Amino acid sequence: MAYVGTPIDTTNQFQSLQGKRFSGDGSTTAFTLDIAPTSVFDIEVFVENVRQDPNSAYTLNGTTLTFAAAPASGTNSIYVIHQAKAVGTINAPIGGTIDMNGVELVLDEDGDTSITADTDDQIDFRVGGSDKYTMTSDTFTARNNVTALSSTTTANVRVQNSTTGSNSTDGLLIQATGNDVYINNYENADMYFRTNNSDRLKITSGGKILVNTTTADNGMINSKGADTTGDNACYGLERGSNKGTIGLSSTGDLTIKAANGEVRVEDSGGNSTVVSPHNFSVIPDGESEELAWSYYSRKGDEENDFNNSKYISTDITKVIRKLENLTGEKFIYKGIGSTDDGSTVSQNIIQSLTDRVETLETEMTALKARVTTLEG
């Protein structure tokens, strides 16, 4: 007939009981044991040969036995007996293994915290009666929270793989230093932020911030600005090789710059006006002089249907030069730095016409006098 009951422990034997004696002095409550019991029920405590109640008479903290009340004075009046090993307790053989074969390893007294490997190549950690963590050959799953605690002012979480390497300067580092938090990609590579499984924000290895674009050269750059030097530019845009910036200088000047084209404003009616006044693309003779200023406006889908968009353009500098010539008054001032170039108006057509009219009036008066003389 097969054996019925708890299997016999064939590898272990009962150990001898161990004890410790102390002398009470009427004031001391804490005594140090040689061995740290697991619980108050793993030892028997006697004072003056009276067994003490483990539920109320004493407590344990490691090897420290503390009485609720100081035992009375007496030589070797206190003694402690450690319980022997229970039947069926198994020690792992030195240098060997124990085949649990999927059996749950219970870790606490009430049986709701354990480690189980009842699924092939998977370890489940149960805490408080429910699975909290799962480990497989390549995945660690935490069902609630993962906390990185540090005894210093810095706590780190590293993410590395076979490509990044596994040194302290490889992969991704999430670090809390004091109250500051750092997310550091040690690799010379980009960082992506996604929602709905789509790229929404990208930080390139060169420091560009691209928002809602999948094209490497399109997007928004929060840095010193595209195609600029120094610290003045604080916001930039790029589309392919075309670049533009909005810069704020240390003196408070705001500059809008198009590195490869014009600066425009467009209203809700589709009227697009060039703010940078140097577009002479539709004026046959081009700009009338260096630094000439133009007015240029276009209506329509210039980017996708340019040939059907309407425009108007004027060389404003040329118009003002004509006005100078008519009036003889100087309206345009040019120079270098803050020094005027000293140029003058080349002619005054109105004054010339006025002088010519006065001359004609004089000549008419003389002609009338001669006619009167001849008639007389």
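Computed values, structure above
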read-out	value
Wholly within the range 127-173, strands (runs of 3 or more DSSP E) carrying at least 2 residues that are at pLDDT below 90 and over 19 Å from the mean Cα position of the chain (by Cα)	130-135, 140-142
Count of residues meeting criterion [assigned to a loop (DSSP other than H, G, I, E, B) and of a type in the set (A, V, I, L, M, F, W, C)] in the range 256-283	6
The range 181-206: number of residues that are under 12 Å from the mean Cα position of the chain (by Cα) and not basic (Lys, Arg)	10
Whichever residue in the range 189-210 is in a loop (DSSP other than H, G, I, E, B) and of a type outside the set (Asp, Glu) and, among such residues, is surrounded by the most Cβ atoms within 10 Å (Cβ to Cβ)	Lys208
Matching residues in the range 334-376 - criterion: being surrounded by fewer than 10 Cβ atoms within 10 Å (Cβ to Cβ) and in contact with a Gly (Cβ under 7 Å, 6 or more places away or on another chain)	Asp341
Members of the range 332-376 found to be assigned to a loop (DSSP other than H, G, I, E, B), out of contact with any Ser or Thr (no Cβ under 9 Å at 6 or more places or on another chain) and at negative phi, listed by number	Ser338, Asp341, Ser343, Thr344, Ser346, Gln347, Gly376
Within the range 119-149, considering residues that are surrounded by 10 or more Cβ atoms within 10 Å (Cβ to Cβ) and among the polar types (S, T, N, Q), the one farthest from Gly102 (Cα to Cα)	Thr141
Condition met for Thr113 (among the β-branched types (Val, Ile, Thr), modelled with pLDDT of 90 or more and surrounded by 10 or more Cβ atoms within 10 Å (Cβ to Cβ))	yes
Residue in the range 279-286 that is in contact with a helix residue (DSSP H, G or I) (Cβ under 7 Å, 6 or more places away or on another chain) and touching a residue at least 24 places away in the same chain (Cβ under 8 Å) present	no
When residues of the range 62-87 are limited to those that are more than 17 Å from Gly26 (Cβ to Cβ), not hydrophobic (A, V, I, L, M, F, W, C) and not in a strand (DSSP E or B), the one farthest from the chain's Cα centre (by Cα)	Gln83
Glu329 under 29 Å from Ser276 (Cβ atoms) and either of a type outside the set (Asp, Glu) or not in a helix (DSSP H, G or I) (or both)	yes
Qualifying residue in the range 338-353 (condition: more than 60 Å from the chain's Cα centre (by Cα) and either among the small types (Gly, Ala, Ser) or closer than 25 Å to Asn260 by Cα (or both))	yes
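The values are calculated or read from the model by the stated rules, or taken from the named source; none is laboratory data. What you see is a predicted model, and the numbers here were worked out from it, not measured in a lab. Every residue, glycine among them, receives a Cβ derived from its backbone with ideal geometry; neighbour counts consider all protein chains shown.
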